[in-house]
Amino acid sequence: MQFDDQINRFGTHSVKWDMMERLYGVPADKGLSMWVADMDFRPPACVQAAVEKMAAHGVYGYYGDDAAYRESIRWWMQTRHGWALNPDHIFTTHGLVNATGLVVDAYTAPGDGILLMTPVYHAFARTIKAAGRVVVECPLALVDERYEIDFAAWDSRMTGGESMLILCSPHNPGGRVWKAEELRGVADFCTRHDLILVSDEIHHDLVMPGHRHIAMPLAAPDIADRLVMLTATTKTFNIAGAHIGNVIIADDALRAKFASKIMAMGISGNSFGMHMAEAAYSPEGAVWVDALVTYLDGNRQIFDAGVNAIPGLRSMPLEATYLSWVDFTGTGMAPAEFKARVEKAAQICANHGETFGTGGESYLRFNIATPRARIEDAVARLQTAFGDLQ
């Protein structure tokens, strides 16, 4: 599977590596890039073969007859997640940030409140604000080093001006895999406050051993009349640059409204992305994902052990994703100081916690989907940068 291969991504228009020095001041020749959520691994051979087949053909026209593409999605969700979906309920977008913008535009009006369970993926708030909607933060409760949902506190925040809740399942950046009763609680909350529920499940294949992701339609089948599902191959198979994602809507009325929005915006699938996604959602792709998760779990163990050995630092137990959420509260340092130690002393790029909303101020998010030697290097750099605390 070659996950240990250190691939030089500089000079490839990689946001993660080529923008590191400009945005963070971390030198390109010495720095470690652990911020943007893409992996430093090649996708499975079946995906590469699909791209090579397109290149060999040499004509890059519009994608048509998507029955096989839709069937690959149906097969994957049934086989990997036990979710029997109707292929006719699938829409294809240019990635899930694009999908988020489309669903916000389709189901809400300017000035509406849209709920986010903060801290949470930063692109949600950016998209909501750009659309002229209002971000309503529903902070997660930190209990025994993991996030939990306080529905009573959320109820007290509702004014009646809210129209949508965007759920991140599994949670980014906290890595939580929500349990069935928590998901049912979210569904009940949305019903109680008459909210459209958008369930972004892009990380659903990247679940650590001992945990199990449950798709929202399985946890709360009675929520179909207000549920919009977001899924993608991009995080699972490291093909984010293909800009391909899916919006899956079972309810006829919701689906018709979204279809009108897709038509009005002139959205059609990216041909390269659709070929790659169809190849990925296959038995060969499944074998690769199983090996990937095992490798990521090994990285997680090394990174957590090394970070948690530094007094004042604590990595939140990771149940899913490849994103480690590290709390610096125990150092007693202001954010400017611990960021400087990470970026200037350790020369590591990591996402700043405050960009994820309330509750993220004392955290940094580290991407551990990289060859193991880099994880070991990152741990050593952090231990040196905070060596005076040991």
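The values are calculated or read from the model by the stated rules, or taken from the named source; none is laboratory data. Model, not experiment: these values are computed from the prediction. As a convention, Cβ positions derive from the backbone with ideal geometry for all residues, glycine included, and neighbour counts pool all protein chains shown. All accessible areas refer to the heavy atoms of the entire protein, side chains included, with ligands and DNA or RNA removed. Shrake-Rupley method; radii C 1.70, N 1.55, O 1.52, S 1.80 Å.
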(message) Just to be sure I understand, how many residues within the range 127-153 are within 20 Å of HIS203 (Cα to Cα) and out of contact with any His (no Cβ under 7 Å at 6 or more places or on another chain)?
(response) 5
(request) State which residue is farthest from ALA334 (Cα to Cα) when the search covers only the range 363-386 and only residues that are open to solvent by less than 30 Å² (accessible area, probe 1.4 Å) and among the small types (Gly, Ala, Ser). (result) ALA369
(request) Tell me which residues, restricted to the range 319-340, are more than 12 Å from ARG365 (Cα to Cα) and either part of a helix (DSSP H, G or I) or open to solvent by less than 60 Å² (accessible area, probe 1.4 Å) (or both). (result) GLU319, ALA320, THR329, GLY330, THR331, MET333, ALA334, PRO335, ALA336, GLU337, PHE338, ALA340
(message) Just to confirm my filter: which helices (runs of 4 or more DSSP H) fall fully inside the range 15-111 and include at least 3 residues that are of a type in the set (Phe, Trp, Tyr) and touching a residue at least 24 places away in the same chain (Cβ under 8 Å)?
(response) 67-81
(request) Determine whether THR358 is more than 30 Å from LEU115 (Cβ to Cβ), out of contact with any Leu (no Cβ under 8 Å at 6 or more places or on another chain) and open to solvent by 10 Å² or more (accessible area, probe 1.4 Å). (result) no
(message) Checking the condition surrounded by fewer than 23 Cβ atoms within 10 Å (Cβ to Cβ), in contact with a strand residue (DSSP E or B) (Cβ under 9 Å, 6 or more places away or on another chain) and either among the acidic types (Asp, Glu) or modelled with pLDDT of 95 or more (or both), which residue from ASP188, ASP155, ASP194 passes?
(response) ASP194
(request) Answer yes or no: is there a residue in the range 31-47 that is over 26 Å from HIS122 (Cα atoms), aliphatic (A, V, I, L, M) and at pLDDT 95 or above. (result) yes
(request) Considering each residue of the range 1-42, count those that are crowded, with 20+ Cβ neighbours inside 10 Å and among the hydroxyl-bearing types (Ser, Thr, Tyr), and give that number. (result) 2
(request) Quick one: count up the residues across the range 75-89 that are crowded, with 20+ Cβ neighbours inside 10 Å and under 21 Å from the mean Cα position of the chain (by Cα). (result) 3
(message) Just the residues that are without any contact (Cβ under 8 Å) to a residue 60 or more places away in the chain and part of a helix (DSSP H, G or I), please, taken from the range 221-240.
(response) PRO221, ASP222, ILE223, ALA224, ASP225, ARG226, THR236
(request) Can you tell me which residue among ILE302, ILE262, ILE310 is more than 21 Å from the chain's Cα centre (by Cα) and outside any helix (DSSP H, G or I)? (result) ILE310
